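Please read the structure below before turning to the comments.
The values are calculated or read from the model by the stated rules, or taken from the named source; none is laboratory data. Model, not experiment: these values are computed from the prediction. In this analysis, Cβ positions are derived from the backbone assuming ideal geometry, glycine residues included, and neighbour counts consider all displayed protein chains.
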2 protein chains.
Amino acid sequence: MKLQRSIPLLAVCALCLPLSQADEGMWLFNNPPLKVLKDKYKFEPSPAWLEHLRKSSVRFNNGGSGSFVSANGLVMTNHHVGADCLAKISSKEKDFVKIGFEAKGNGDEPKCVDLELNVLMTLDDVTERVTAAVKPGMDSAAAEKARRAAINNLEKESSDKTGLRSDVVTLYNGGQYHLYGYKKYTDVRLVFAPPKAIAFFGGDPDNFEYPRYDLDVCFFRVYEADKPVKIEHFLKWSEAGASEGELIFVSGHPGRTERLDTVAHLEYQRDRVNPDSLNLLRRLEVLLKGYADRSFENARRAEDDLFGVQNSRKARLGMLAGLQDPVIMDKKRAEEKALQAAVNKDPKLKAAYGDAWDQVAGSLKTLVKIREEYNLVERARAFNSDLYAIALRLVRMAEEGAKPNAERLREYSAAGMDSLKMQLFSEAPIYEDLETVKLADSLGMMVEVLGAENELVKKVLAGKSPRDRAAELIQGTKLKDVAVRKRLAEGGLEAINASTDPMIQLAKLVDPAGRRVRRTVEQQVDEPQRQAYAKIAKARFAVYGSTVYPDATFTLRLAFGEAKGYTEAGKKVPWSTTLGGTYAHAEMHGNKEPFELPKVWTERMGQVNLATPYNFVSTADIIGGNSGSPVVNRKGEVVGIIFDGNLQSLVLDYIYDDQESRAVSVHSAGIIEALRKIHQANRLVEELTGKNL
Amino acid sequence: MKLQRSIPLLAVCALCLPLSQADEGMWLFNNPPLKVLKDKYKFEPSPAWLEHLRKSSVRFNNGGSGSFVSANGLVMTNHHVGADCLAKISSKEKDFVKIGFEAKGNGDEPKCVDLELNVLMTLDDVTERVTAAVKPGMDSAAAEKARRAAINNLEKESSDKTGLRSDVVTLYNGGQYHLYGYKKYTDVRLVFAPPKAIAFFGGDPDNFEYPRYDLDVCFFRVYEADKPVKIEHFLKWSEAGASEGELIFVSGHPGRTERLDTVAHLEYQRDRVNPDSLNLLRRLEVLLKGYADRSFENARRAEDDLFGVQNSRKARLGMLAGLQDPVIMDKKRAEEKALQAAVNKDPKLKAAYGDAWDQVAGSLKTLVKIREEYNLVERARAFNSDLYAIALRLVRMAEEGAKPNAERLREYSAAGMDSLKMQLFSEAPIYEDLETVKLADSLGMMVEVLGAENELVKKVLAGKSPRDRAAELIQGTKLKDVAVRKRLAEGGLEAINASTDPMIQLAKLVDPAGRRVRRTVEQQVDEPQRQAYAKIAKARFAVYGSTVYPDATFTLRLAFGEAKGYTEAGKKVPWSTTLGGTYAHAEMHGNKEPFELPKVWTERMGQVNLATPYNFVSTADIIGGNSGSPVVNRKGEVVGIIFDGNLQSLVLDYIYDDQESRAVSVHSAGIIEALRKIHQANRLVEELTGKNL
C-alpha cells in the first residue's frame, strides 16, 4: 500500500465531518484527538509523548513512512518502501530485492543513490501571511499568483533562517497554511532487507488482503559526515508487541484522502478520474508485464514499476467500487444536503458560503474539457520516460531559475532546489530498452487521445511512428550521463538553448504547451476550488462547530485504534495471524511463486515458535503513504509496522468505516522472531532489543 | 493466433489492389490464383487437386481451421484451437489442457461438448438473387430488410433441399454473394493433445514471435452414428516435410482483413476501434489474471479466456502500430488518391462511383455517435457472462421464432437454428465465481461509460452496486441447468414471458434497447457502407481490371508462398528451427514457466534427432482464423500446420508485405519425431504415416 506519486489525483482537501466516537481521523500533531482518546480509551498523551513520537517519525520522500528505532540512526520502514532504493543499487549480478541484504557492520552499509528522509521538527501556522497576500477583488489569476509568491517567499525565508527543509502545507484546502520545518537526511544506507519472496509473500494476489503473512520490513541507517547519526528521539522496541483489543497509535504520512469532496466532485472522481486512471494503470501493467516476462533481467528492471502499478490498480478498483456503490453515494448526498440545508436556513451563512458547491461544480466543467491534454502534456503521461522527465526538469530549472523566487513554479522555488537537484543528479540506473518501451507506448497513447492530426502530436513525432520516434530519442539523448545533466544545469538558459540533445529539444517543444494548460488548471480550476472548499470548511465549522482533522496531504498525522478482528460474510476473521500460518498458506498454494517461501524459511521452520503473532489488523485510520508507519502502544513502544489495508479499507479515501475496514501491520514479536530464528540477523536484533541471542 | 470471435470488429469487406507477383492473397477456391502460380512457380493445380484440398479442409466453428489426415476421420488442428474443447471436458481433478491426452483406442476418445466442424462441399454464386431483392429507389432501411429476407430464404431453401449447413457469404462486401453448403460434424472426439507446456511453449512472451519451438497440434476424430466417419478426401502425411524455398499452400479460414478500407475507415480503426479494443482487452487481461493468480483451480478455469485475451491484445497492438506508422498510412493515402483520380477523370465512372468515399466517411460519423452504446448493449460488453448470453439467446429465439423466416434477425434464421441450439444447450461447465467476477466488472464498465444516471443503467443495476447486482444475478439464475434452458426454448414466448428467472428478466429489459441501436447500425451504417464499398469495388475493377481476392470472412481460402527466412534489423532469421533448439531456448529462460519443458521432453531428449526441423516460416498470406490450417506441398501432402504469424505479420490485416512478415508453422517432420520419440503416441503415428515404430 504504497503511495503512488507517479499517477496522483489532483489534490483536493476538505474538512471532515463531525465525528462520532469511532477510531476515525488522521490528526495533526498540533491538534491531536485528545477528547476521544480520553473519553473512549482513558488515555491522555502528554506534549512530551507527542513530541517524542513525532520526532521519531520519518518521512520517506519516495512515498512512504518510517521511524527511528535506535539511538544510532537506525530507521525501519516497509520492504516495499525500501525496494526503490534496493532496486537502484542492484544489478543483474546482484539483485538485493530478490536475495535480500544484511550488513555485517557500519562499513558494510551501502548508500542509497537518491533517497531523502525528513523528520518534522517545527510546525508554524502561517495562515494569516498567506491569506493576506490575496487582496479582495483579485480575480483568480491574480489571486493564484499572489498566493504562490507568498508561499515561495515564506519557504525561502524559513529555509535561510533555520537550515531546515521548509514546506508550506495547504491544509483544509486553504482553510489553513502551516509551515513545516524538516530535518533532512540524504545519506541513507541499507542495513537489512529480507528477500522479496517473504517480504511480499503472496504477491499481487494477496496484496490488500487479510489474513496475511508478510515480513514487509526493511532497515536503513542515516549518516551525517560519513558517520551514523546520533538520534535523541527513537522508538523503543516491544518484544511482546500488540495484544488483542489494545489501544495503538500510528504515526505516519497518509498521502491523500478526499473525504469531503462535494458530491459533484465525487461523481467526477467516479466518472472520470478513477476510470481513466484504471485504464492507464491496466495499460502500464500489461506493458510492463509483457516486458518483464521476456527475461529474468527484464523482470528485475521492471519489478519496482510493476509493483507500483499493480498496487495502484488494486487500490483504485476498490475506490471506484466504493463510488459505484449507491449506499455510499446516498450517504454522501444526504450529508451534503444536510449541510446545505443548515447553511441556507441562516441568511448570513447562505450569503457567505451558499454558492460554494456550484463553484466546485463549475470548476470541474472547465477541468473536464482540458484534463486529457493536461494529463498528457503537462503531467507527461505522453512522455513516460525518466529521461524526458530529466530533460523537462533541466529546461524548466533554467527558465525558472532566471525568475525572481516569488514568480517561480512551486516545484522550482528556491527553498526546494536542493531536493530537486538530488533527484535530478541521481545515479539511479536508467535502462534504455525499458525507457524505449515505455516512451513508445505513451507516445502511441498521445496519438490515440489527441489524434494523429493534432499539431503538437505531429511536431512531437516528427513524421515517425511512436516506436521509431521513441527509439530515436532514447538512443540519441546523452542525459543518461549525470555529468551531462550537471553541465546543463550549471549552464543555465544559455546551455539549454544551445543544446542539440534530442530529449532537451523535445522538452523545449512541449514546455510551452504544458505551461499553457497548467496555467488554465491553476487559475480556472485549482484557485476557484481552493476558495470554494475554504467556504465549505468554514460553513462546516459554523454549523457543526466540532474539532476536525484535514484531509491527508503526505504530511505527518496521528491515527489511533484497537487491534481488533472483524466479521466478513458471517465469518470471523481473527485479529492476528501467526508465523506458523505462513507455512500453511504456502502449502495451500503449492509453494509456487508468489507463494514460494525462501529456502531459509523452510530449512529453519523447526527452530521457530510457530505461535508467534505475525501480521495483525487494527481499526486505525490509514491510507496509501502510511506504509512503514510505526505502530506504537501507550508507552510509545513499537508494537508493529503498518504495511497494508484490507480490501474493505480501500473506500477510506472517501469515507471512514470501522465495520470491516482494517489497517494491516507486521507484528513486532513476529519481526523479532523471524529476524532472530530464521534470518539470524543478530547484529540488527541486538540493536533493536539490546539483547543478543 | 486464434480468431477471437468475442471481440470482433464490425466486418467490412473490400476488393483488393491490383497484385504484383508477390505471394499475396487469400483466394477463393472457385477463383484461385492460377496465373501467378503458373508465372512465378510453374505450377498449375488441377480442378481435382483443388477439390481434394478443399474437401480435406475443415473449419472449426470455435474460430480456427484444420484438416482431415486419415481415412478414419482423423482431424488435425492447433492445440490452441482444440483447447476450447479440452477445457470444457476437463475438471479440477483431470486437466487435459495441462497434462495432455492420448486415446488408447476409439472407445477411449471423449466427446467434445459443443464443437461443430464444417467442410465446404458446394459453392454457388447467388449474387443475382440477393441483388435483385433490393429494388431501385429503396431507402437503406427497406434495402436492408429486403436483402436480409432474400438471404434468410436462400439459406432455408438450400438447407431444406441439401441437408447441408447453408450460409450465404457476403464477398467483396456486396460485390458478390455466395451460397456455401457445408457438411456438418457435431460428434467430434478427442484423440491426442500434448501438454500445454510444449504446445504453447514460451507462452505469451513468445506468442507472435519467431524463432519458435511449439508443438501446437491437437488431433480429433469425427463420428457419425457413434462410429468414426469414413472420409474420401484427406491429406497424406509428408514425413520429410517442407524444405527451404519450397512452394507451399495454406488452405484455411482467415477471419477478417480490412485491406481496402478507405483512408477514413482506417483512421476510424486507428482512432477508435483499436484503442478501444485494446483498453477492453487490457481490462479483461488484468481482471482474468487477477482471478487466475488466486489459485490453481482459478487459473484452470480462466485459462482459455485469458489466452484469447492476451492473444488478441498482442495482435491488436501490432495492428495499431501499423496504422500509427506514417509510412503505411501514406501508402494507403497514395493508393486511394490514385484510384479516385482515375475515377474522376472518367465522367461515367465519376457519376457512378465518385461519391463512395464520402458515403463511407458519412456512415462512420453516425457510427462514432452510437458505437459505445452499440458495443455495450447490443454486443453485450456490459454483460460479460455466459449466462447472460444464454438468457438473451432464449429471449430472442422465442421472439424471432414467432416471426416469418424472412423477417428474422440473421442469426435466428431457420437454416442456422440447429447450430444455434447446439451452442445454447451445451453442457460446457459454467463457473459461478468467474461469471460473477466478469459480470461485475462489465456492469461497472457500463456505469463508467454510459454514466450512473443513464436510465438503462439504473434499471439494470436496480439500485445496487455492480458487484452486488452481479452476485445476485449469477446466484439467482437457473440457466446453468441445461434442462431449464430446454424447457424455456420449447415453451416459446409464453414460457419466456412467464419466467421469473432474474437473468431472463435482465435480457428482456435490455433486448429492446439492443434492438434499437442495432437497427440504427444496420440501416444507417452497414447498409450505406455495403453500397459504398460495392461501388469502390466496381471502380477498382473498371480501373485496374485485374483478378482480385476478397477480404477475409472466416470462409475457406487458398494462400501460397515459399518456406523462406528473412532479415530483421540486419540479422538473418533462418527459415526453420530444430527440435534441439527447444532445449536451448528452455535453458536460456532458466526452464521456468512458460519455458518449462514437460518432464517427458527432458527425459527422452537423448532419443530425439535434435536436427529435425520443428517450426518454420513462409511467405503465405494468413491472418487470425488460419490457426490449424494445413500447409501442403505440390503433391497436396501435409508438410506442416500454421499456428502463428510473426510480429511483423500483424499489419497483414491492412496491407500485405513479404519483406519480414511471415506465417509460422509446425513442421510435419518435427511433429512426427516428437510424437514418435517423445510422446510415443504409436497409434496416432501409425494412423498418420501408415508406419509403426
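Scanning segment A:264-287 for residues being in contact (Cβ under 8 Å) with a residue 60 or more places away in the chain and either at the interface with another protein chain (Cβ under 7 Å from one of its Cβ atoms) or within 17 Å of A:Glu432 (Cβ to Cβ) (or both) gives a total of 2. Within the set A:Lys459, A:Lys478, A:Lys464, the sole residue that is without any contact (Cβ under 8 Å) to a residue 24 or more places away in the chain, within 19 Å of B:Asp271 (Cα to Cα), in the same structural domain as A:Ala389 (by TED's automatic domain parsing) and among the charged types (D, E, K, R) turns out to be A:Lys464.
Confirm whether A:Val437 is more than 27 Å from the chain's Cα centre (by Cα), at pLDDT 95 or above and among the aliphatic types (A, V, I, L, M). No. Take B:Ala414 and tell me if it is more than 17 Å from B:Ala389 (Cα to Cα), assigned by TED's automatic domain parsing to the domain that holds B:Arg518 and in contact (Cβ under 8 Å) with a residue 40 or more places away in the chain. Yes.
The residues listed here are A:Glu285, A:Glu297, A:Glu336; of these, the one that is under 21 Å from B:Pro594 (Cβ atoms), surrounded by 18 or more Cβ atoms within 10 Å (Cβ to Cβ) and not aliphatic (A, V, I, L, M) is A:Glu285. For segment A:573-647, the strands (runs of 3 or more DSSP E) that sit wholly inside it and include 3 or more residues that are under 30 Å from A:Arg259 (Cα atoms) are A:613-618, A:630-632, A:638-645. Filtering segment A:170-187 to residues that are within 22 Å of A:Gly73 (Cα to Cα) and among the small types (Gly, Ala, Ser) leaves only A:Gly181.
The residue of segment A:590-603 that is modelled with the highest pLDDT, among those that are surrounded by fewer than 19 Cβ atoms within 10 Å (Cβ to Cβ), closer than 20 Å to B:Asp293 by Cα and not charged (D, E, K, R), is A:Pro594.
Name every residue in segment B:10-50 that is among the hydroxyl-bearing types (Ser, Thr, Tyr) and modelled with pLDDT under 95, in order of residue number. Result: B:Ser20, single match. So, B:Ala389, is that one within 28 Å of the chain's Cα centre (by Cα), at pLDDT 95 or above and surrounded by fewer than 19 Cβ atoms within 10 Å (Cβ to Cβ) or not? Yes; evaluated as a whole, the condition is true for this residue. Put simply, of A:Asn682, A:Asn633 the only residue that is without any contact (Cβ under 8 Å) to a residue 12 or more places away in the chain, of a type outside the set (Lys, Arg), surrounded by fewer than 24 Cβ atoms within 10 Å (Cβ to Cβ) and assigned by TED's automatic domain parsing to the domain that holds A:Gly202 is A:Asn682. One residue alone among A:Gly318, A:Gly290, A:Gly245, A:Gly322 is assigned by TED's automatic domain parsing to the domain that holds A:Leu650 and either touching an Asp or Glu at 6+ places or on another chain (Cβ under 7 Å) or of a type outside the set (S, T, N, Q) (or both), and that residue is A:Gly245. Test A:Phe541 against the criterion of being surrounded by fewer than 19 Cβ atoms within 10 Å (Cβ to Cβ) and either on the phi < 0 side of the Ramachandran plot or in contact (Cβ under 8 Å) with a residue 12 or more places away in the chain (or both), and give yes or no. Against the criterion (surrounded by fewer than 19 Cβ atoms within 10 Å (Cβ to Cβ) and either on the phi < 0 side of the Ramachandran plot or in contact (Cβ under 8 Å) with a residue 12 or more places away in the chain (or both)), A:Phe541 qualifies. Would segment A:115-136 turn up any residue that is buried (at least 17 other Cβ atoms within 10 Å of the Cβ), in a loop (DSSP other than H, G, I, E, B) and touching a Lys or Arg at 6+ places or on another chain (Cβ under 7 Å)? Within segment A:115-136, one or more residues are buried (at least 17 other Cβ atoms within 10 Å of the Cβ), in a loop (DSSP other than H, G, I, E, B) and touching a Lys or Arg at 6+ places or on another chain (Cβ under 7 Å).
In segment B:367-386, the residue that is surrounded by the most Cβ atoms within 10 Å (Cβ to Cβ) out of those that are of a type in the set (S, T, N, Q) and farther than 19 Å from B:Pro275 by Cα is B:Ser385. The single residue among B:Ala428, B:Ala507 that is under 27 Å from B:Arg301 (Cβ atoms), modelled with pLDDT of 95 or more and surrounded by 18 or more Cβ atoms within 10 Å (Cβ to Cβ) turns out to be B:Ala507. Filter segment B:28-75 down to residues that are among the aliphatic types (A, V, I, L, M) and farther than 25 Å from B:Tyr177 by Cβ and give me whichever is surrounded by the most Cβ atoms within 10 Å (Cβ to Cβ). Top of the filtered list is B:Val75.
The numbered conditions (1) buried (at least 19 other Cβ atoms within 10 Å of the Cβ); (2) under 24 Å from the mean Cα position of the chain (by Cα); (3) of a type outside the set (Phe, Trp, Tyr); (4) closer than 23 Å to B:Ser363 by Cβ are all true for B:Arg518 except (1).
Is it the case, given these coordinates, that A:Glu232 is in a loop (DSSP other than H, G, I, E, B), surrounded by fewer than 24 Cβ atoms within 10 Å (Cβ to Cβ) and in contact with a helix residue (DSSP H, G or I) (Cβ under 8 Å, 6 or more places away or on another chain)? Considered against the rule, which asks whether it is in a loop (DSSP other than H, G, I, E, B), surrounded by fewer than 24 Cβ atoms within 10 Å (Cβ to Cβ) and in contact with a helix residue (DSSP H, G or I) (Cβ under 8 Å, 6 or more places away or on another chain), A:Glu232 comes out as yes.
Counting residues in segment A:99-114 that are at negative phi, part of a helix (DSSP H, G or I) and among the hydrophobic types (A, V, I, L, M, F, W, C) gives one or more.
For segment A:137-153, enumerate the residues that are of a type outside the set (D, E, K, R) and farther than 18 Å from A:Gln176 by Cα. If the condition is that a residue be of a type outside the set (D, E, K, R) and farther than 18 Å from A:Gln176 by Cα, then A:Gly137, A:Met138, A:Ser140, A:Ala141, A:Ala142 are the ones that fit.
Residues considered: B:Asn311, B:Asn298. Of these, the only one that is within 20 Å of the chain's Cα centre (by Cα), within 13 Å of another protein chain (Cβ to nearest Cβ) and part of a helix (DSSP H, G or I) is B:Asn311. For segment B:365-375, indicate whether the set of residues that are under 26 Å from B:Asp84 (Cα atoms), more than 14 Å from chain A (Cβ to nearest Cβ) and under 23 Å from the mean Cα position of the chain (by Cα) is non-empty. The answer is yes, given that some residue of segment B:365-375 is under 26 Å from B:Asp84 (Cα atoms), more than 14 Å from chain A (Cβ to nearest Cβ) and under 23 Å from the mean Cα position of the chain (by Cα). Among the residues of segment A:342-355, the ones that are under 16 Å from A:Lys535 (Cβ atoms), in a helix (DSSP H, G or I) and more than 33 Å from the chain's Cα centre (by Cα) come to 9 in all. Just to be sure, is A:Tyr213 in a loop (DSSP other than H, G, I, E, B), in contact with a helix residue (DSSP H, G or I) (Cβ under 6 Å, 6 or more places away or on another chain) and surrounded by 20 or more Cβ atoms within 10 Å (Cβ to Cβ)? So A:Tyr213 fits the description; yes.
Scanning segment A:432-450 for any residue that is in contact with a helix residue (DSSP H, G or I) (Cβ under 8 Å, 6 or more places away or on another chain), outside any helix (DSSP H, G or I) and buried (at least 18 other Cβ atoms within 10 Å of the Cβ) turns up nothing.
Each residue in segment A:451-470 was checked for being in a loop (DSSP other than H, G, I, E, B) and more than 8 Å from chain B (Cβ to nearest Cβ), and 3 pass.
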